[in-house]
Every structure is written in structure tokens, then in C-alpha cells.
Amino acid sequence: MSLDVVGLGALNIDKLYQVNKIAKEDEEAYIKDYNLSCGGSAANTIIGLSRLGLKTGYIGKVSNDSEGNLILDNLKNEDVNINGIVIGEGRTGNVMGYVDLSGQRALYVDPGVNDLIKPEEIKIEYFKDIKILHLTSFVGDSIKAQESLLEELPANVKVSFDPGRIYAEKGLEYIKKILNRTNILLVNEEELKLLTSNDYNTFEDRIMDLMDFEIDLIIVKRGDKGCYVTNSKESHSVEAFQVKCKDTTGAGDAFNAGFLYGLLKGKNLYNSCILGNFVAACCVEEIGSIKSLPYSSNINDNYKLKKK
């Protein structure tokens, strides 16, 4: 089986509540609207890549319940190969999210069977002919399955890794085995701070702290400030597209899809970042992580790559 990108991460049902504000301790807020969608960081990225025309697959775990079936049906409808997904006993993962009027959010994760993936459940043959394995975080011990897989992964397969807040808060030592095999590291500014020393004042200095892992590319996602990319030989800061933000849920995952798509299509680092920013901008214009992810025709019709 020949696939361009396979994702390995949590699979969740996202239950997003639009609220008048994110309530703090002893405060009250009210719900204005509700949206249910299929989510999971790696899954969002894989769906984004599939919509852009790449051949994609997924490894994860869901339960044999209505929510698990909804996730599987959604992936199939998005042309994502699901042969690597395990059906387990328990409950499918859920995320409850609260999104304020400016698009900012607070998330509560119920991992369910996501935390029960065992190394022996992953089919190594699923990776025989892929180009990129994309990893994201789990709440619990399923990181062991990721580490086990990386030990057997063919050397020609590139690894992209977005640790997210969950892994970043656990620190460098916790994700060291993954970083040692990572080719493309995708983090936001807060995650970069969590992973590096407080002695550094700029994110450029913090990036140098991670170069000991011999990572080929490090990308820092900076929200409405755009992104920064470096491979130690060249670096670029790329501005974000200015759009009206309704919901930032999945914006980083959407960026990952656009950036990886650019790399696989032979674009240079600068233009790959532009593609990442473009897909992220499309994402935040609607509520939910995948609703407004673009198709390749949207890029061809509405967006022209800048030359650098």
C-alpha cells in the first residue's frame, strides 16, 4: 500500500460550545451555540492533506460505539485509509471545547480508548511505502506505542511531530525518544517555551536549544503573527493571512497540513509556510477544526504562491 502521509494520534469527537466568554474561577458564562465534529490533532491534519489530494492513512483507536463509528465514517468520507485503526473496548475519546466571541478556546479532554493503544496492535506493514509519519500527543501511555513504532520505522520515512501542549508540558525528557527520530518539528510559541530553558529571550534562541536533536526543520507557529521556519541553513518569518477569526480550534493542525503538503509538492520552505498559513486561515473562518479546510482547487483558484 503506497500512502503519502500516515497520522498516529488521538481520535476524538469534538463538542464545541460557543460562549460569551471563557469563565474563570467563580465566574459564570452562557452558551450561544453548539457544534459537534470529528477531531484529534493528527486526524485534523490528515484530513487536511487528503482534501489537498494526497493519499493518507491513519493509526489510532476508537471504541465500537456510536461516536467511534462516526469517526470511522468521517475518515472514510474524507478518503483517509482506516486499515490501521484499532477497534477496542471502552469509550471513544471526546473533547469538550469552549470558544469565546474572539475565537479563543479552552479544551477539556476525555481520552477514552486513545490511551489504550498497544505496540503490538500497530501493523508495521502499514508503513512500508509511506513518505511521512505524522505524530501528535496522547494524554496517557500510548506514547509507548509511538516510541516502539519509531524503532522499526524504515529510515527513508520522514517523521513530522507536533507535540502539542500535552507533551510539551511534560518536558523534553518525556519526548526525547521521539525527538531523536524527528525530521520536522512543529510547535507554537508557548510549547517552545515549555520545551526550552527560561534563559532564552527570543524564540530563535530557544530553537537553537533544540538543534542538538539533529532535527531537519523546526517550525514555530505564531498565530496571527504567522510562522517562523529554520533548517539551520536558512530561516524565514512568514506573515499570516488577515481573516476574521471565529474559532482557533484546529488552526495549528491546519497549518501542519498546508506546510507538509508544500514540502511533498517540492515547494521551498518559504512557500510551504505560505501554504500552511493559508490553510490555517481557512480553518479559523468557521467553527470547528475541519469544516472549512480547503481543497486543492481552492488553492489553485483563490491563491497564488509568492516567489522568494
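Since every read-out is calculated from the coordinates, none of them should be taken as a lab result. Being a predicted model, the structure only gives us computed values, none of them experimental. Neighbour counts are summed over all protein chains in view; Cβ atoms, including those assigned to glycine, are modelled from backbone coordinates with ideal geometry.
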With the 8 Å Cα cutoff and a minimum separation of six or more residues, region 183-284 has a relative contact order in percent of 23
Region 77-235, convex hull of Cα, quarter of hull surface, nm² -> 11.5
Neighbour-count ranking for 91, 206 (other C-beta within 10 angstrom, fewest to most) reads 91, 206
What helix-only [θ] at 222 nm does the chain give? Using -39500 (n - 2.57) per DSSP H run of at least 4, over all residues, to the nearest 500, the answer is -9500 deg cm²/dmol
Once the dipole of the chain is set up from charges on Cβ (+1 Lys and Arg, -1 Asp and Glu), the residue from the list 84, 264, 10 lying farthest towards its positive end is 264
Among 97, 235, 109, the residue whose Cα sits farthest towards the positive end of the charge dipole of the chain (+1 at Cβ of Lys and Arg, -1 at Cβ of Asp and Glu, taken about the Cα centre) is 235
Everything considered on the Cα gyration tensor (a ≥ b ≥ c; rounded for a/c under 1.5, else prolate if a/b is larger than b/c, else oblate), region 95-183 must be described as prolate
Here the Kirkwood hydrodynamic radius of region 1-98, Cα-based and in Å, equals 14.5
In whole angstrom, the spacing between the Cα centers of region 224-265 and region 169-185 equals 21
Cα-based Rg then Dmax for region 131-209, in Å, read 12.8, 38
Expected max-MSF residue from 214, 285, 28 in the GNM of the chain (alpha carbon, under 10 Å) is 28
dims of region 175-304, Cα set, principal axes, largest to smallest, nearest Å -> 42, 30, 25
Subtracting the Cα-Cα distance of residue 83 and residue 156 from 0.36 nm times their residue separation yields 24.1 nm
Per residue, the convex hull enclosing the alpha carbons of region 206-268 has a volume in Å³ of 106
Two pseudo-spin positions, 7 Å from Cα along C-beta at residue 198 and at residue 101, lie apart in nanometres by 3.6
Most packed first (mean Cβ within 10 Å per residue), the peptides 21-27, 242-248 order as 242-248, 21-27
One would report the antiparallel percent of DSSP beta bridges in the chain, rounded to the nearest 5, as 40
Note on the chain: contact order normalised by length, alpha-carbon pairs under 8 Å, 6 or more apart, percent, works out to 17
Over all Cα pairs of the chain, the Kirkwood radius sets Rh, and Rg/Rh then becomes 0.94
